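Read through the structure below, which is laid out as structure tokens, and then see the notes.
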Amino acid sequence: MCDFSSSEFESVVITSPSGRKLCRVSHRDTTVSSDQVAKKVLISDKSVRLQITTEKTGFTLQKVYGHPNTSGNFQKFWDWQPAVVVPTYRANLTVYDPKKEDRVVSQLDLTRDATYYLGRDSSGRDWCRNIAFEPQDANNNVYITDEVHFPPLADPIIKGYILMELEKNNKPSRSLHAEPVSMKNPYGPELTIRPLGNIAHDCLFHIGGFYEARISAGHAKWLGGSEGCFAFIPKESVSKTENDAAKVAANTEFYSNKKWVSVTDSIDAHRKLDSKNRFFVELAKRSSFSRDSCVEIIKIARAFP
């Protein structure tokens, strides 16, 4: 029987990037950039990059952060998980060669939206805010990455990639210039995700969909969410319609672990083309999308059976 009383669990929120204290797994600077404009990341050598597009590919489920059932209390993982349906987008893992045409290694699906719970209105309807990260400048949209073990309670082979921009002194920073997100909340306490509305922190490309924790965490099965990240969704978890996505249950859903490891293995193999072993993310800016919306919260099975 697994012991869940360990301080390991008390100090780490296993569903929220902001609660996972990324300073423990990454030594990169976390201070807010002092530059009004970030330095453009230039790619001049052979390298691999993830090109995140604005092309929608289907729909999937996403956990709702900020909801009472996703608090930092570890006991909450015996409660049902709140979810909403969000669109998935096309992403191309591409090898760049300045002397040749770009070569697409694989096409992936991922989520770009980040659903955060605001509360209920006087009519009892649930409201959420999309706190997705969108680049401030559509032409300054290439990021270097820092590879980390993420989520912390997953198997050690599960990786994530923190997006970083360059300050004018070439110093990498996890603070990204972004389209602003309001922290005001008409249905509850003011949000604290972005102390500075136009600076996003700790945005990752990481595993998404339903995935399993490692054995010492009881193989907990949870649904991934986002606070401004980009979450990989295996094709088995992409539905053609919103109604189909809403019908997915945790006990019948496909788990992302093995497919995600295949993706990160491919990144590892191709990043060796770069003299500095770098992996880049290029993010196409969306022209428009909804921030606040009235949503239907879907109840997903608890993480522990």
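Values in this text are rule-based calculations from the coordinates and carry no lab data. Quantities reported herein were computed from a predicted structural model and do not represent experimental measurements. All Cβ positions, glycine included, derive from the backbone under ideal geometry; neighbour counts span all protein chains shown.
Each Cα pair under 8 Å and six or more residues apart adds its sequence gap; the mean of these over the residue count of segment 156-210 is a relative contact order of 41 percent. Summary of the geometry: segment 259-305 and segment 201-218, compared by the centres of their Cα atoms, lie 11 Å apart.
In this simple spin-label approximation, LYS272 and ALA246 carry label points 7 Å from Cα along the Cα→Cβ vector, and these lie 4.8 nm apart. Checking the cross-link pairs LYS46/LYS99; LYS184/LYS285; LYS159/LYS285; LYS40/LYS285 against a 18 Å limit on the alpha carbon distance flags LYS184/LYS285; LYS159/LYS285 as lying beyond it.
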